[in-house]
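Participant: Handing you a structure now.
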């Protein structure tokens, strides 16, 4: 049984990443409250391809993430206010308390299953289309 899916995040929304290889669509849970952002994808045993969680850190700020109590490797995609990808931390280590910094101002972080960025050719500078970003 997949406990917790949908129980924590308020809504599931589409998100697109525009890369040189095309447009890649994801279905993301929104993490907007402090509780949702703190819990994130902790305790989950699986995350389907094409699914993810989008953490809203508005306004732009230096963001630090970690993998405490997270059992699956993730790609963490740090996104600027204009929707451009700032940085990608690929295949983060499960259960690690090592701090993963944004290394710049980020408005949001998208977490997807580890290996997604490499599989789809997602790179810093690529554009993320979602209502959270103003696209400027």
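The values are calculated or read from the model by the stated rules, or taken from the named source; none is laboratory data. These numbers come from a predicted model, not from an experiment. With ideal geometry, Cβ positions are generated from the backbone for all residues, glycine too; neighbour counts draw on all protein chains shown.
Participant: Within segment 14-25, restricting attention to residues that are within 14 Å of residue 119 (Cα to Cα) and either within 12 Å of the chain's Cα centre (by Cα) or not in a strand (DSSP E or B) (or both), which residue is modelled with the lowest pLDDT?
Facilitator: Looking at the filtered set, the residue picked out is 21.
Participant: For residue 64, only one of the following conditions fails: (1) within 19 Å of residue 128 (Cβ to Cβ); (2) assigned to a strand (DSSP E or B). What is its number?
Facilitator: Of everything listed in (1) within 19 Å of residue 128 (Cβ to Cβ); (2) assigned to a strand (DSSP E or B), residue 64 misses just condition (1).
Participant: Here's a follow-up. Do we have residue 125 as in contact with a strand residue (DSSP E or B) (Cβ under 9 Å, 6 or more places away or on another chain), over 25 Å from residue 33 (Cβ atoms) and in contact (Cβ under 8 Å) with a residue 40 or more places away in the chain here? Step through it out loud before you land on a result.
Facilitator: Details: in contact with a strand residue (DSSP E or B) (Cβ under 9 Å, 6 or more places away or on another chain): yes; over 25 Å from residue 33 (Cβ atoms): yes; in contact (Cβ under 8 Å) with a residue 40 or more places away in the chain: yes.
Yes, satisfied.
Participant: Continuing with the same structure: Within segment 77-89, is there a residue that is more than 18 Å from residue 17 (Cβ to Cβ) and at pLDDT 95 or above?
Facilitator: Just the residues of segment 77-89 that are more than 18 Å from residue 17 (Cβ to Cβ), to begin with: none.
There is no residue in segment 77-89 that is more than 18 Å from residue 17 (Cβ to Cβ) and at pLDDT 95 or above.
Participant: Residue under question is residue 32, and the condition is that it be touching a helix residue (DSSP H, G or I) at 6+ places or on another chain (Cβ under 7 Å), closer than 19 Å to residue 128 by Cβ and either at pLDDT below 95 or loosely packed, with under 12 Cβ neighbours inside 10 Å (or both); does it hold? Before you say what the answer is, go through the steps one by one.
Facilitator: On the way: touching a helix residue (DSSP H, G or I) at 6+ places or on another chain (Cβ under 7 Å): no; closer than 19 Å to residue 128 by Cβ: yes; either at pLDDT below 95 or loosely packed, with under 12 Cβ neighbours inside 10 Å (or both): yes.
So residue 32 fails the test.
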